[in-house]
Protein chains: 2
Amino acid sequence: MTVSGTAGRRAHAGVNLPALRSHNAALVLDLLRGAGAEGISRLELAERTGLTPQAVSKITARLRERGLVAEAGRQASTGGKPRTVLRLVPDAGHAVGVHVDRDEARAVVVDLDGAVVGERRRPLDLGAGADAVVEAVAREAEELVGEVLGGCPPGSAESLAGVGVALPGPLDHRSGVLHRVTGFPEWDGFPLRDALTRRLGVPVVVDKDTNAAALGLAVAGEGGSFAYLHLGTGLGAGLVIGGSVHRGVRTGAGEFGHQVIQLDGPVCGCGNRGCVEALCLAAVERGEPAEAARVLGAAAANLVGLLDIELVLLGGRTVAAAPEVFVSGVSAVVAARARREGMPDGAVPVRVAPGGERGVAEGAAQLVLAPMFGRGDG
Amino acid sequence: MTVSGTAGRRAHAGVNLPALRSHNAALVLDLLRGAGAEGISRLELAERTGLTPQAVSKITARLRERGLVAEAGRQASTGGKPRTVLRLVPDAGHAVGVHVDRDEARAVVVDLDGAVVGERRRPLDLGAGADAVVEAVAREAEELVGEVLGGCPPGSAESLAGVGVALPGPLDHRSGVLHRVTGFPEWDGFPLRDALTRRLGVPVVVDKDTNAAALGLAVAGEGGSFAYLHLGTGLGAGLVIGGSVHRGVRTGAGEFGHQVIQLDGPVCGCGNRGCVEALCLAAVERGEPAEAARVLGAAAANLVGLLDIELVLLGGRTVAAAPEVFVSGVSAVVAARARREGMPDGAVPVRVAPGGERGVAEGAAQLVLAPMFGRGDG
DNA sequence: CTACTTTCGCAACGCTGTTGCCGAAGTGCA
DNA sequence: TGCACTTCGGCAACAGCGTTGCGAAAGTAG
């Protein structure tokens, strides 16, 4: 049973009736989302939540009144009245997700189901300065919303819940302030979220690209606790624990690339020696993807052992260039480690993350929707 | 706001009124425990929980009826009626904690406050076989309870809530079944919890020694999210996230010692190469504690970056032998890494874990009490 | 057409935290 | 000493939560 919650937020942890109500509503919405177009019956919702059927009826009635849920046919009878299938109303809400990368911005609009209903891309120079980038991102979002939603007023059935922005480099998720984006020190300390909120007039959430991707995967149905490892121009991780992104006390968690796995190894750009990122990318440069996979596997196995997660997902351009090599290479190291440490249930599976290049933008949109479905923080 | 909950337990996450009630009660009890002998007023409880003063009054009234809480004086007035101070009734419950090590067993009885009210030690050979060890542990617990509580019947104010057992090596916390305790392969698959429950007739909880120690530290007031690193005959970690022990999906989290930090390094007992444990202990053997600390620091920094915790606590015999060397050595590496990665708030503090040799046994006792205070699983 | 099964909403209920109110118990000043 | 004031904390009424009891609705099976 979860009413969100982590970290030093043990204060203000009291649950009153409104909190209970919104928690259960979010839980039901999350299950409805998970059921997708097939929908789910009231009785199954009751089973899955542990609530009584009557409670589910009341909760879903409220959700139907708010226009978030609708009846959608019925199941086959099992000897009595057939169960009515409920389904999320996809158009009841939308969110924009923007993936700001070093050289381009990709924006999507998703509906409540998570389906992409609009997309745009444009080149973008992260080094062009804060004002220019904020303006570019804002315009991108505005134009896309104009195209897709036709400027529906807030509160309408088709309205916009907010904008999620995912970008590389460390940042403070809670305050929405960037630290130094790797390679672009001029961003250090820039309050991106507030700047965009002022400019756009809707709620804005910012997060690391890896966290957005991980959230997107979690929403798309990946297991309860997993790590998403992204190998592109850099190496980072997004951690999902119990269905929610783990961001840590200062929202800096997932610093995976600068994990040292070779004491006194080659110097990394960060100043340390023997970081996975440096070793792994060097191997890729040398044209030795198998070695890169082995190195990545060692770091992944460290992570698996430390957190006892149930799945490792790989993504990023470098992985996409040779998926089988990376999956089998990483998988082999992880499996070998599990065998040696005597994990009884066998090793943790390693797969390529589904979703492809658009995954980060989709996940960014989910940053906005997450609280509605009870996935706000872990 | 937390009603426990992580991992794949998103099912059965519905919260009804009894669940809400027990959650809030546990929350209040936890705050009362944190206040210790000084106690805490109703209004401060209200502020800290976010509940209204009236709700706190009702909750504490129920707790007083159950004999868990009592009024204990009043605070100085601030111009009006002085606040009444509430306090946990220490004798309202007790728990036994047993620390089973390779060569000895140490048992303690703690009260609701966590204060040790009885202690025993005896030599123990973990290799003597399951029956002998179970019998020895059971008798140790029984005799200690007889001494301290005088055989109070269950349900009495002084009665025993259960027995927590902490021991080295991997095990399944949920089922209470041991995996292969390092060096004692004959334990593999032994259902220790069930055997002890049958023998003792009270609830039994088993966990890794590092998890028990970490829980004990969390209860003793250490921050919301930290790592306890134990360097003794082996090297392990207990992770606390948001006040609760993070055990992971298969309760195997905290596998810190076999984190690889030296690819293709020296062979470790586990079969891998370049594990921190092997490198660190080898340095200790060579009489180079500073190098051991540097190695440990690298691994600790990996962990800090990955999870973004707020504190690192060091413990174990090897650390106790040269505490300053380890604290300064680990601290230096962690701080250097934080500086390079541009964490703005400065580095994570590194300290020696308070509690000393008895900490694991005390933490084991807290395993039993944890659910009562809302710390059951993270 | 009848009997049976199963779903699901209405109504009454118990219990939660909340609100409004008032007595209790202090301080501070005349 | 007395009075005004502040603050705490319990009593009572209340709104809202999920739960229970029950019956109408909507199917299947014979």
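The values are calculated or read from the model by the stated rules, or taken from the named source; none is laboratory data. Note that the structure is predicted; figures quoted are calculated from it, not measured. Ideal geometry is used to build each Cβ from the backbone, glycine not excepted, and the neighbour counts take in all protein chains shown.
For the stretch A:70-85, the set of residues classified as of a type in the set (Gly, Ala, Ser) and not in a strand (DSSP E or B) consists of A:ALA76, A:SER77, A:GLY79, A:GLY80, listed by residue number.
Would you check if there is a residue in the stretch B:61-69 being in a loop (DSSP other than H, G, I, E, B), near DNA strand D (Cβ under 9 Å from one of its atoms), surrounded by fewer than 15 Cβ atoms within 10 Å (Cβ to Cβ) and of a type in the set (D, E, K, R)? No: zero hits.
When the stretch A:308-326 is filtered for residues that are within 11 Å of chain B (Cβ to nearest Cβ) and out of contact with any strand residue (DSSP E or B) (no Cβ under 7 Å at 6 or more places or on another chain), only A:ASP308 remains. Does B:PHE226 meet the test of being at pLDDT below 95 and of a type in the set (Phe, Trp, Tyr)? It is false that B:PHE226 is at pLDDT below 95 and of a type in the set (Phe, Trp, Tyr). Quick check, is A:LEU86 surrounded by 18 or more Cβ atoms within 10 Å (Cβ to Cβ) and in contact with a Cys (Cβ under 8 Å, 6 or more places away or on another chain)? The answer is no for A:LEU86. Here is a check on your reading of the model: is A:GLU104 within 16 Å of DNA strand D (Cβ to nearest atom) and either among the acidic types (Asp, Glu) or farther than 19 Å from A:SER41 by Cβ (or both)? Answer is no for this residue.
Residue-wise test of (1) within 13 Å of DNA strand C (Cβ to nearest atom); (2) in contact (Cβ under 8 Å) with a residue 12 or more places away in the chain; (3) more than 30 Å from B:ASP209 (Cβ to Cβ).
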{"residue": "B:ARG42", "(1), (2), (3)": "yes, yes, yes"}
{"residue": "B:ILE59", "(1), (2), (3)": "yes, yes, yes"}
{"residue": "B:LEU63", "(1), (2), (3)": "yes, yes, yes"}
{"residue": "B:GLN75", "(1), (2), (3)": "yes, yes, yes"}
{"residue": "B:THR78", "(1), (2), (3)": "yes, no, yes"}
{"residue": "B:VAL98", "(1), (2), (3)": "no, yes, no"}
{"residue": "B:ASP111", "(1), (2), (3)": "no, yes, no"}
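From the list A:GLY271, A:GLY305, A:GLY356, A:GLY329, the one residue that fits, being surrounded by fewer than 24 Cβ atoms within 10 Å (Cβ to Cβ) and at the interface with chain B (Cβ under 10 Å from one of its Cβ atoms), is A:GLY271.
Given the criteria more than 11 Å from chain A (Cβ to nearest Cβ) and either crowded, with 22+ Cβ neighbours inside 10 Å or modelled with pLDDT of 90 or more (or both), does B:SER77 qualify?
Considered against the rule, which asks whether it is more than 11 Å from chain A (Cβ to nearest Cβ) and either crowded, with 22+ Cβ neighbours inside 10 Å or modelled with pLDDT of 90 or more (or both), B:SER77 comes out as no.
Scanning the stretch A:28-59 for residues that are β-branched (Val, Ile, Thr), part of a helix (DSSP H, G or I) and within 26 Å of the chain's Cα centre (by Cα) returns A:VAL28, A:THR49. All of A:LEU215, A:LEU231, A:LEU239 fail the test of being within 12 Å of chain B (Cβ to nearest Cβ) and either buried (at least 24 other Cβ atoms within 10 Å of the Cβ) or closer than 16 Å to A:VAL352 by Cβ (or both), apart from A:LEU239. Only one of the listed residues (A:VAL145, A:VAL116) is away from DNA strand D (no atom under 16 Å from the Cβ), under 23 Å from the mean Cα position of the chain (by Cα) and closer than 30 Å to A:SER41 by Cβ. That residue is A:VAL116.
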